[in-house]
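Colleague: My questions all concern the structure below.
The values are calculated or read from the model by the stated rules, or taken from the named source; none is laboratory data. These numbers were taken from a predicted model, which means no experiment stands behind them. As a convention, Cβ positions derive from the backbone with ideal geometry for all residues, glycine included, and neighbour counts pool all protein chains shown. We work out accessible area using only protein heavy atoms, side chains counted, and drop any ligands, DNA or RNA first. Shrake-Rupley method; radii C 1.70, N 1.55, O 1.52, S 1.80 Å.
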Amino acid sequence: MNKQVRAAVKRNTSRWRSFASAPGRFINCFLFFLVLGGCAFGIYTLWSTALADTRFRMDGETLALAGAIRECPESIESFEQLGREFNGRSLLDPRLVGDMEKAYRKNVWVKEITRLRRRFPNRMEVEFLLCLPAAQVWHDGKYWMVDMDGTVLPVSGTQTVFAGLPEIVGVTPNVIGKRPRIGEMWDDEGVIGA
């Protein structure tokens, strides 16, 4: 290599060494974290503003019920209550879908959630399979509704709107005097087998 090229290489590397020296590294790291912190603060501010925006707030008073729910009017009140529970929550809330899924799974009338998704700007779309009464069990002086799996539904009384359903008489829970628990399977062989 000739002397001019060697001198140019030495000059370039010496500049790089001074740039990467201890004070230079400190300044570079400080500037990097300053920019990173500014970006994080900007993203946080944008996210907070979007969460507070009223356009993305759910309107829990508007509940569109369709399909099999109309066949089971007793379930409508519990779904309206769920709609009011999430009234005012932002659609951008990352926990919203999980919270709604938990709430709907706790509902006795919901057999399975088939779809739960956001519909911008302010709606959630929930599709699920209902537990529909399949039979009425006469126990302890009243009728108890059960679905196809034998799960006790929250409809009971001496007379029900489901007068056309098959009637199961003469069964008791395995524990004498035990009242059927809503949302659990009836533990009598006669109900489960029917």
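Colleague: Mind listing the phi-derived Karplus ³J(HN,Hα) values for region 43-51, rounded to whole Hz, using 6.51, -1.76 and 1.60 with θ = phi - 60°, and x for any glycine or proline?
Modeller: Whole-Hz 3J(HN,Hα) from phi for region 43-51: 5, 4, 5, 4, 5, 4, 5, 5, 5.
Colleague: Quick one: accessible area per residue over region 89-140, 1.4 Å probe, rounded to a whole number of Å²?
Modeller: Accessible area per residue: 56 Å².
Colleague: Just to check I understand the Karplus step: with θ = phi - 60° and J = 6.51 cos²θ - 1.76 cosθ + 1.60, what whole-Hz values come out for region 119-136, glycine and proline as x?
Modeller: Karplus values, whole Hz, x for Gly and Pro: 10, 5, x, 8, 10, 10, 10, 10, 10, 8, 9, 8, 8, 9, x, 10, 7, 10.
Colleague: Another one. Report, by chain and number, residues whose modeled amide H sits under 5 Å from the one on Ala135, excluding near sequence neighbours (fewer than 5 apart, same chain).
Modeller: Result for Ala135 returns Val146.
Colleague: Sort 102-111, 143-152 by packing, meaning the average of other beta carbons within 10 Å per residue, with the highest value first. Mind showing how you got there, number by number?
Modeller: Numbers: 102-111: 15.8, 143-152: 20.1.
The densest-packed peptide leads the list: 143-152, 102-111.
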